[in-house]
Structure formats: structure tokens, C-alpha cells
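K.L.:
Dumping the structure here so I can ask a few things about it.
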Amino acid sequence: MANIMLDVNGWQTVLNFETGEPVEDLNDLIMEDMMKITPALPYPGDTNPESVDWTVDVALAVSDYYNPDFIMLAFSTQQIIKINEQLTPEESVAINERIFKQVTRFLEKTDYEAMVIGMGGMQDIKGVIDQSKLSTGLTSTMCAYHYAGLFMSRENDADVIKNMEHIKYAITKDDFKAAHPEMKDAYYGMLPDYLLMSSDGYVFNEMGKRGIVHKKTPRMMHELPVYTTLERPNHILEVRGILERAMDEGKKVALIMLEGTGTEDFKFPYNMMGNQTEWFVHDQGLSQYLAVATGKPFYNYDYPPIVNSVNYLNTSEKYPYSQHFSVLPEDTIGRRPDKRTAAVGTRSGFIHETTMADICVECHSRQLSMSGVFVLVNDPKDV
Amino acid sequence: MNCNYCEWRCDLSKGNGICGRYIVSNGIIAEKEPMSWISYYFYRIEEMPFFHALPGAIVMQIGTKGCNASCDYCVNAHIAIKEEPGQTLKPITGKHLVQLAIDGGAGAVVFAINEVTVFLPSAIEAARAAHEAGLKVGCLTNGYLTEESANMLGNEMDFINISLKSISDEFYQKNLGLPSVKPILRNIKALSKLAHIEVLTPIVHEITHDEVLKIAYFIADVDENIPWHLFRLQPTYKRVDENPLDIGAMIKIVEQAKKILPFIYFGNFAGSQWVNTRCPGCGHVLVKRVCIGSCGSKFGSIDMDGNRCPKCGKNIPVIR
Ligand code: SF4
């Protein structure tokens with residue numbers, strides 16, 4: 001059985017992962033130990049640069065305790081800060097350098113083989129997509145910056161979409177199905193009538209941001225920089241296989257995901273790997289985490305890139321503390337039964353929702369407001 | 001010429017009022033940007049929070065910018081208090097808003113995000129359009145309205161969440177920039193007769209054990225069935241460097257206050273076990289919720305027989 005623990009500034013509660021119900025009789029040694037570890041590691045906050053160091057502090061604590069064969073470290077602080085704050089050029093350089101310094105600290109203190117992926121740089125927003133001629137509002141989320149969906153479409157929307165500026169690609173639900181007949185029924189059911197992809201740097205979501213003015217937006221990256229001491233991936237979907245083969249050879253592997261870091265900021269020697277499957281370019285964030293954790297293309301996930309917020313809100317009964325998914329991926333690197341796995345970092349929710357590692361430690365934040373530290377202990381191997 | 005929407009009663013002939021959202025136009029007080037909105041999005045009603053109105057309903061949350069108070073722990077300071085460059089409102093008519101709400105699956109429109117008093121005429125216009133289409137309408141307010149405005153609001157809204165941040169004038173003056181709590185206390189009484197109301201109190205360090213109990217007694221005196229939300233605030237805005245509040249100590253106070261008010265909730269932190277609605281008669285869990293923190297309580301399930309507890313038959317004040 002899997003349990004989660006929430007540590008809100010030292011106040012701790014343990015809950016059943018699937019139901020969210022309190023666990024009365026905790027018979028979970030690993031969780032008991034995690035409850036001793038987290039109070040010393042309070043999360044500094046989404047826009048606090050110290051959260052970069054926190055990721056490594058937590059990763060080292062989990063490595064010391066559990067000695068995982070696979071560990072993912074997710075650094076989102078740079079992206080979050082650059083979206084929400086106007087940085088000086090010096091501050092911008094400093095946050096990126098801090099990340100590489102901390103990654104180096106982790107690699108020097110441990111014996112992991114590394115796969116470090118720059119998930120993409122940041123840029124000024126080039127413009128906002130004008131959606132005023134559509135019959136209803138587009139749905140977009142912070143999980144997919146260049147994507148939006150039109151649900152409840154009406155007859156003339158097809159023509160409007162054809163003529164909308166800065167739309168790089170648009171596909172109807174039926175065309176999507178025809179192209180990917182193997183997708184799950186639930187995936188098809190959740191697809192919007194039209195899925196739209198904007199041109200690089202153009203954003204959709206102006207009305208859903210509670211008035212927060214974004215300062216930057218992620219670049220659309222057709223290729224990503226990657227540094228590794230392992231076999232070199234040519235494509236993001238090859239990452240999982242390479243890490244698994246290395247573990248088969250008895251190596252310990254660390255997958256290090258750097259949000260907000262593109263080629264211009266990448267401080268280690270790197271090669272480029274593909275970040276696109278057919279027309280779909282993995283946006284910085286969720287789809288990239290799913291790509292590396294599952295090794296599968298976007299149409300084989302449990303959710304499409306954009307879901308109707310109503311569907312999403314209606315499916316929250318299972319795994320209620322997982323912020324995005326109520327169906328979790330079954331086949332991930334973190335679920336590998338013969339290896340110990342862990343995932344830590346500052347990207348709330350995505351870390352456990354994509355890896356499903358034995359131990360996940362992440363911040364628990366919503367809308368930049370920090371609610372503590374989230375720990376998942378998920379079917380661990382004997383310590 | 002004075003604006004009479006809130007108790008500041010600003011003289012607008014001398015320029016901007018405190019909130020900056022009204023002007024004198026053709027001899028009348030008018031909104032600077034009528035029917036213009038900063039944001040709309042869809043949430044479960046529990047996130048507003050409303051716990052005794054339409055449990056589990058999807059609502060369209062909508063708002064503008066500006067406020068007539070200046071709380072030093074405002075969680076929406078980027079809209080309410082600070083003018084951010086590039087922050088623009090978008091004109092959307094009442095009819096179009098309602099269509100967007102229905103397309104989004106909403107059963108209600110809720111004016112939240114910022115203080116409804118600073119866009120009251122637009123809120124009323126949109127509320128009427130929503131009611132005409134069969135949607136329910138609610139809002140959040142700090143309660144610092146004039147009697148006339150409170151009356152208008154109460155007549156147009158189905159449910160209202162009023163923030164009562166303290167019971168003392170001194171707290172209001174020091175931390176919110178408002179001269180007195182008295183108009184708010186007056187309006188809670190008045191609004192409770194016109195609409196379904198819930199009360200919310202953000203808990204910060206200055207709110208003592210005694211004060212929590214005093215607020216509970218005040219609410220109970222108005223109507224003991226009013227749901228009361230105690231919100232544990234994570235230090236924010238001007239208080240960002242403060243130590244976070246001790247949840248364990250608050251729990252003890254909440255348990256004591258429960259003896260005064262039957263429907264008391266303590267949340268805004270992940271994992272709270274004080275967000276379910278229990279029958280005050282037999283303790284049966286009527287509405288299950290999970291608290292994911294940062295205003296997020298998720299609806300789980302409801303076990304009620306109409307408006308009655310299925311176990312003991314007690315009448316429970318919940319708008320279904
Ligand atoms: S609503 Fe605004 S302008 Fe009118 S009295 Fe209040 S603060 Fe002054």
C-alpha cells in the first residue's frame with residue numbers, strides 16, 4: 001500500500017495515497033524515517049533561489065537513506081522565477097549558475113552516472129493569441145505553454161481557427177484519433193474538439209492567470225541539450241531505455257531535469273537530442289517528464305496535452321493529493337520492480353505523477369503558495 | 001461628489017478614491033472600466049471557499065482589480081493592491097460571460113479574486129444575466145460596504161463569503177488600513193438576512209486564542225448555523241518573512257470554538273482534517289472534502305438525505 005505524508009512547517013499527517021484518508025496505524029518504517037528527515041528540510045518556496053539547494057539537500061538525504069539505483073532531481077525554480085519575476089541580467093545568470101553548482105555538488109558527493117537535460121530556455125512573450133472570434137473560450141494550462149484546446153466548439157470555429165494568427169498547428173479530435181488509433185478511450189474522450197499549438201513564444205492563457213503578468217515564457221524547443229556519462233540519447237523518448245540499460249549493468253543513474261535551462265545557459269558539455277514526435281513538440285514541463293519517465297510518445301499517455309478543466313475537476317476522487325492526475329502511469333522507470341527508485345525536486349505534483357518512484361519528495365505548492373513538503377512512499381523495496 | 005459604495009465614501013471630485021476604480025462621469029459615480037475583467041477560470045466551489053452552497057459544483061470564478069483595503073497579508077496583492085505593468089482588463093458582456101460559464105460546465109458565477117465592492121455595478125449586471133440563464137451567483141467580500149451597497153449585494157447574490165479578519169478596530173487599522181470593523185459586523189448581520197452567508201477569518205499571529213472565541217460568539221449571535229472558515233495563512237506579501245503559524249496550537253483553539261459554532265472549518269494547509277461537514281447532532285460525515293492547501297479544498301462526496309442527516313434526520317443548512 002502506498003502512503004503519502006504532508007509536512008507543513010513541521011505539522012505532519014500521513015494519508016492513504018489513493019483515498020486521501022488518514023492512516024491510523026502507520027506500519028511503514030520508511031515513512032516513519034521520512035517523517036524524521038523532512039522537518040530539517042523545510043521547502044524555501046517556489047520563487048526562492050534557495051529551493052535549488054533544497055533539491056540537492058533532499059536528494060542527498062534520500063540517497064543516503066535509501067541508496068536508490070535511479071534518482072530523478074527536478075529543478076523548476078529557474079523557470080518559475082523567470083516567469084513570475086523581472087530579473088536583472090545578473091540575477092538571471094546567478095540563478096542558472098546556482099543550479100549547475102548544486103548539480104555538481106550532488107554528482108561530486110555521490111557515485112551516480114548522470115543524465116542532465118536542459119528542458120529549454122526562457123524568452124520574452126512575443127504576443128498573445130487573439131481568440132476573440134472563436135465562439136467560446138480556449139482552455140489552456142500552465143502544464144503546456146504552447147497548447148490550448150477548444151471544447152464546446154460551434155460550426156464556424158473551424159474557419160476561425162484556419163485564419164487565426166500565430167497558430168503553428170491545429171488538429172481536430174477526429175483527425176487525432178485517425179492518426180493514433182491506439183490511444184486509450186479515456187484519452188480520446190478527454191481530447192478537445194480542436195487542439196491548437198501556438199508558434200514559438202506566443203501564449204494563449206491570458207484570462208486564466210488570476211491577473212498574474214508573466215515576464216517570460218518557455219521557448220519551444222525542437223531539440224534539447226543533454227549531458228551524460230552514459231550512452232547518448234538522440235531523442236527524449238530514448239532516455240528511459242538508456243537509463244534502464246545502465247541499471248541492468250549495475251550502474252546507479254541520476255536523471256537531472258533542468259527547467260528554464262536551454263543551450264545558451266547549459267554549463268556542461270552537451271549534445272542535442274530530439275524533443276519532437278511528429279508534429280508534437282514537448283513543452284517544457286509535464287510532457288517532458290512523462291517522456292523521460294515512460295519512454296512513450298504523447299498519444300500513449302493517460303491524458304492529452306490539454307484537458308477540459310471540467311473533466312479534470314470531475315476526476316479528482318482518486319489520488320486527491322496528486323494535483324494533476326487521478327490516473328497515474330502504470331509503466332514508468334520509477335516502478336521498476338528490481339531496482340530502488342526515488343524522485344525529488346521542486347516541481348510539485350509532476351515528480352511523483354510521472355515517475356511513480358518508490359520514494360518521492362517534492363514541494364507541495366499551488367499557485368506559488370507553498371503548502372509544505374509532500375512525500376510518497378510507494379511500494380518500496382526492503383531497505 | 002462622494003462615492004457611496006463603501007464606507008470610505010471618497011470625494012471623487014478631488015480625484016481617485018482609495019480603490020481607484022470609480023470616477024465621476026456625466027455627474028454620476030461610474031466604474032472606470034465597467035464590465036471588464038482580469039481573469040476567469042473554473043474551480044470547484046469549495047476552493048472559493050463555500051462549503052454550504054452547492055457542494056461539489058463547478059463555478060466560474062471571475063474578478064477585476066483593485067481593493068478598498070490594503071491588507072499587509074493580502075494573497076492577491078498583485079491584483080488588489082499593486083498595479084503591475086501590463087495588467088489589463090478585458091471587456092466581456094454579461095451575456096457572453098454567462099455563455100462562457102455554461103460552456104465551461106459551471107453551475108454558478110462567483111465574484112472572487114478581488115473585492116466585489118470596487119466593481120459592484122458590473123457584478124450586479126453580470127449577476128442578473130447569470131440568474132436569467134438559471135445560474136446561481138455568489139461573491140467574496142471584505143464587508144466594508146455602506147448599508148446601501150450591502151443591501152444591493154444581498155439582494156443580488158445567492159451566497160456571500162464575508163471576511164471577518166478580527167473583531168478589533170485596532171487590528172483593522174494596523175493591518176488592513178481600514179478605520180473600523182464596525183461596518184463589517186453590521187453588514188454580516190444585514191447580509192445574513194438577505195442571502196446565504198459564510199464567514200472567513202484568516203489566522204495570523206496577532207489573532208489570539210481569546211479573539212478566535214470572541215469572533216465565534218459574535219457569529220453564533222448572528223446565526224449559529226453560519227459556516228465559519230478559519231484560514232491558516234502562509235506568510236505572504238508584507239509578512240513574507242514572518243514565521244509560519246503553528247498548526248498544532250491552532251487545532252486546540254478550533255476544537256474549543258467548535259463548542260460555540262457547529263460548522264467550523266480550519267484549512268488552507270495541505271492535509272487538514274478539519275474540512276469535512278459533520279452533522280452537529282450525531283457526528284456523521286455529511287460532506288467529505290480533502291484539503292490540498294492554498295485555498296484548495298476538493299469536494300469528495302456527499303451523504304445527505306435532501307437537507308437532512310441520513311443518520312439522525314437533523315436539518316442541515318446547505319444550499320443544494
Ligand atoms: S468604493 Fe472605492 S471610490 Fe468608492 S468609497 Fe470605496 S474606496 Fe472610495
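The values are calculated or read from the model by the stated rules, or taken from the named source; none is laboratory data. What you see is a predicted model; the values in this text were computed from it and never measured. Glycine gets a Cβ as well: all are built from the backbone with ideal geometry, and neighbour counts include every protein chain shown. The accessibility values were calculated without ligands, DNA or RNA, using every heavy atom of the protein model including side chains. Shrake-Rupley method; radii C 1.70, N 1.55, O 1.52, S 1.80 Å.
K.L.:
For A:2-13, what's the mean count of beta carbons from other chains sitting within 10 Å of each residue's beta carbon?
P.N.:
Counting other chains' Cβ atoms within 10 Å and averaging over A:2-13 gives 5.
K.L.:
For a quick check: with amide H placed at 1.01 Å from N, whose amide H comes under 5 Å from A:PHE17's, ignoring anything fewer than 5 positions away on the same chain?
P.N.:
A:ALA2, A:ASN3, A:ILE4
K.L.:
Right, here's the next one. Run the reach check for A:LYS109 against lysines, Cα to Cα strictly under 27 Å, same-chain hits fewer than 8 apart removed. What comes back?
P.N.:
Partners found: A:LYS36, A:LYS101, A:LYS251, A:LYS252, A:LYS267, A:LYS339, A:LYS381.
K.L.:
Taking the Cα centre of the protein assembly as shown as origin, sum charge times position over the Cβ atoms of Lys and Arg (+1) and Asp and Glu (-1), and report the length of that vector in debye to the nearest 20.
P.N.:
Dipole size: approximately 1420 debye.
K.L.:
Quick one: if the Förster radius is 41 Å, what FRET efficiency do A:GLU165 and B:ASN151 give, using the C-beta to C-beta distance and rounding to 0.05?
P.N.:
E between A:GLU165 and B:ASN151, to the nearest 0.05, is 0.30.
K.L.:
Still on this structure: Where the accessible area of chain A is counted over protein heavy atoms with a 1.4 Å probe, how much of it, in %, is carbon and sulfur?
P.N.:
Looking at chain A in its full context, I get 47 percent from C and S.
K.L.:
Now for a different question. For chain B, take the longest principal axis of its alpha carbons; what is the angle in degrees between that and the long axis of helix B:182-192, to the nearest 10 within 0 to 90?
P.N.:
Here the helix axis deviates by roughly 70 degrees.
K.L.:
Once the other residues with Cβ under 14 Å from the Cβ of B:ASN161 are scored (Lys, Arg +1; Asp, Glu -1), what is the net sum?
P.N.:
-3
K.L.:
May I ask you to order B:260-272, A:40-52 by the average number of other C-beta atoms within 10 Å around their residues, highest value first?
P.N.:
Averaged packing, sorted descending, gives the order B:260-272, A:40-52.
K.L.:
Leaving out ligands, DNA and RNA, and with a 1.4 Å probe, what % of the accessible surface on segment B:14-85 is carbon or sulfur?
P.N.:
Percent of accessible area from carbon and sulfur atoms in segment B:14-85: 54.
K.L.:
Hey, another quick one. I need the calculated FRET efficiency for the pair A:GLU21 and A:VAL327, taking r as the beta carbon distance and R₀ as 22 Å, to the nearest 0.05.
P.N.:
Efficiency computed from Cβ-Cβ geometry: 0.70.
K.L.:
Rounded to the nearest 5, what is the percent of antiparallel bridges among the DSSP beta bridges in segment B:182-320?
P.N.:
Close to 55 percent.
K.L.:
Just add up the charged neighbours of A:TYR187: K/R +1, D/E -1, any other residue whose Cβ is under 13 Å from the Cβ of A:TYR187.
P.N.:
Overall, the nearby charge balance is +1.
K.L.:
Name the lysines eligible as straight-distance cross-link partners of B:LYS259: C-alpha to C-alpha under 19 Å, and not fewer than 8 places from it in the same chain.
P.N.:
Candidates past the 8-residue exclusion: B:LYS214, B:LYS314.
K.L.:
So, counting K/R as plus one and D/E as minus one, what does the shell of residues with Cβ under 11 Å around B:CYS282 add up to?
P.N.:
+3
K.L.:
Separate question: Nearest 500 deg cm²/dmol is fine: what mean residue ellipticity at 222 nm does the protein assembly as shown get from its DSSP H runs of n ≥ 4 alone, each adding -39,500 (n - 2.57), divided by its residue count?
P.N.:
Mean residue ellipticity at 222 nm (helix-derived): -7500 deg cm²/dmol.
K.L.:
I'd like the orientation of helix A:89-109 relative to chain A: the angle between its Cα long axis and the longest Cα principal axis, in ° from 0 to 90, rounded to 10.
P.N.:
The angle comes out at about 40 degrees.
K.L.:
A further question on this structure: Could you give the length gained on full extension between B:SER13 and B:ALA30, defined as 0.36 nm per residue of separation minus the Cα-Cα distance, in nm?
P.N.:
Using 0.36 nm per residue and subtracting the Cα-Cα distance, I get 4.9 nm.
K.L.:
OK, next. Helix B:147-156 against the longest principal axis of chain B: what's the angle in degrees, Cα atoms only, rounded to the nearest 10?
P.N.:
That helix lies at roughly 70 degrees to the long axis.
K.L.:
Straight-line reach from A:LYS133: which lysines fall under 22 Å, measuring Cα to Cα and dropping same-chain residues less than 8 apart?
P.N.:
A:LYS162, A:LYS168, A:LYS173, A:LYS209, B:LYS90, B:LYS95
K.L.:
Report ³J(HN,Hα) in whole Hz for each residue of segment A:252-267, in order, from the Karplus equation J = 6.51 cos²θ - 1.76 cosθ + 1.60 where θ = phi - 60°; Gly and Pro get x.
P.N.:
Working through the residues one at a time gives 9, 10, 10, 9, 10, 9, 10, 6, x, 10, x, 4, 5, 10, 7, 8 Hz.
K.L.:
Can you list the residues, at least 5 places off or on another chain, whose amide H is less than 5 Å from the amide H of B:SER39, using H built in the peptide plane?
P.N.:
Those qualifying (amide H under 5 Å, at least 5 residues apart or on another chain) are B:GLY63.
K.L.:
Let me ask something else. Search the structure for amide H atoms under 5 Å from the amide H of B:ILE319, placed 1.01 Å from N in the peptide plane, and list their residues when 5 or more places away or on another chain.
P.N.:
B:ALA53, B:LEU54
K.L.:
Also, I was wondering about something else. Ratio of Rg to Rh for the protein assembly as shown, alpha carbon only, Kirkwood?
P.N.:
When Rh is taken as the Kirkwood radius, the ratio is 0.96.
K.L.:
Report the Cα-based extents of chain B along its three principal axes, largest first, to the nearest Å.
P.N.:
Between the extreme Cα coordinates on each principal axis of chain B lie 60, 44, 34 Å.
K.L.:
Hey, got a sec? Which trypsin sites (Lys or Arg not before Pro) in segment A:114-159 land in a DSSP loop and have at most 12 other Cβ atoms within 10 Å?
P.N.:
Sparse-neighbourhood loop trypsin sites (Lys or Arg not before Pro): A:LYS133.
K.L.:
So which GluC sites (Glu not before Pro) in segment B:210-306 pass both tests, a DSSP loop state and at most 16 other Cβ atoms within 10 Å of the Cβ?
P.N.:
Qualifying residues, ordered by number: B:GLU224, B:GLU242.
K.L.:
I need to check one value: relative contact order of segment A:267-364, counting alpha carbon pairs closer than 8 Å and at least 6 residues apart, in percent.
P.N.:
Answer for segment A:267-364 is 23 percent.
K.L.:
If you average the sequence gap of Cα pairs under 8 Å that are 6 or more apart and divide by the length of segment B:164-235, what percent do you get for the contact order?
P.N.:
35
K.L.:
Normalising by the residue count of chain A, find the relative contact order in percent from Cα pairs under 8 Å and 6+ residues apart.
P.N.:
It comes to 26 percent, rounded to a whole number.
K.L.:
What percent antiparallel are the DSSP beta bridges of the protein assembly as shown, to the nearest 5?
P.N.:
About 55 percent, rounded to the nearest 5.
K.L.:
What does the buried accessible surface come to for A and B, summed over both chains, with the probe at 1.4 Å? Round to 100 Å².
P.N.:
In total, this chain pair buries about 3600 Å².
K.L.:
Sticking with this structure for a sec: Give the calculated FRET efficiency between A:PHE268 and A:ARG245 to the nearest 0.05, with a Förster radius of 22 Å applied to their Cβ-Cβ distance.
P.N.:
0.55
K.L.:
Across segment B:115-200, how many lysine pairs, 8 or more apart or on two chains, come within less than 20 Å at their alpha-carbon atoms?
P.N.:
So the count of such lysine pairs works out to 6.
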